[in-house]
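Participant: If you scroll down you'll find the structure; I have some questions about it.
The values are calculated or read from the model by the stated rules, or taken from the named source; none is laboratory data. In this text the structure is predicted, and so the values were computed from the model without any measurement. Using ideal geometry, Cβ is built from the backbone for each residue, glycine included, and neighbour counts are taken over all protein chains shown.
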Amino acid sequence: MSIHCVQQSTCRDKKYSQRGFMSMVAMILLVVMIFMGRGLLAFLQQGAENSYSLRQKMRMRLVAESMAEKQWHLARTDEGRLQNLRENSMIPLDKGNDEGLDYTVFARSWGGEVYIIATAFCRETARDKLLEPHVMVKGVLGKEDGHYVWRGWAP
C-alpha cells in the first residue's frame, strides 16, 4: 500500500501551518507579558523611591522642627542665650546629630524679631553625602515684657 505524494504534502501543510500560527501567537503573547512585567517592575521601583524620599524628608523636617523648638525653650528659660545677638546678625546656637541626622541651628535678628533657623541634613548613603538633601525651618520669636514669645513658623 502506497500513499500518493500529493496527499502526503496536503496533510503535512495543514498540520504545520496551524502549528506555526499557534507558535507565532504564543511568541507574541510572551513578548507582551515580558514588557508588561518590566513595566510593572519599573512602576514598583519608582513607587519605592518616592516612598523613601518622602520618609527621608519627613524625618529631616521633624528633626529640624524639634531642634528649633528646643532652642526656643532654652531661650525662654535662659535670657542670656540670645544676648550676643545684634540686629541683622547671626549666631550659632547648636550643632550635632539627632536620630542619625546632622543638624545646625542659628539665631538671626531681623526687623525686630528673632528667627531660629534649624537645618537637618541627611548623610546616610554615599549618594546622600554627594547630594546632601536637607530641610530648613524657621521659627519666629518676638520679645514681649522682656521674655521671648513664640510667634509661629516663617515661610
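Participant: When you scan the stretch 81-101, how many residues do you find that are assigned to a strand (DSSP E or B) and either β-branched (Val, Ile, Thr) or touching a Ser or Thr at 6+ places or on another chain (Cβ under 9 Å) (or both)?
Facilitator: 9
Participant: Sticking with this one: Out of all the residues in the stretch 117-155, which are under 26 Å from Leu54 (Cα atoms), among the hydroxyl-bearing types (Ser, Thr, Tyr) and surrounded by 14 or more Cβ atoms within 10 Å (Cβ to Cβ)?
Facilitator: Thr119
Participant: Only one of these is modelled with pLDDT under 90, over 17 Å from Lys70 (Cβ atoms) and in contact with a Lys or Arg (Cβ under 9 Å, 6 or more places away or on another chain): Glu124, Glu132. Name it.
Facilitator: Glu132
Participant: Condition first: over 30 Å from the mean Cα position of the chain (by Cα) and at positive phi. Now tell me which residues in the stretch 70-126 satisfy that.
Facilitator: Scanning the stretch 70-126 gives Asn88, Gly111, Gly112.
Participant: Just one of Glu99, Glu87 is surrounded by fewer than 17 Cβ atoms within 10 Å (Cβ to Cβ), touching a Gly at 6+ places or on another chain (Cβ under 9 Å) and of a type outside the set (Lys, Arg); which is it?
Facilitator: Glu87
Participant: A follow-up question, please. Could we say that Arg59 is touching a Gly at 6+ places or on another chain (Cβ under 9 Å) and at pLDDT below 95 here?
Facilitator: Taking the combined requirement at face value, the residue satisfies it.
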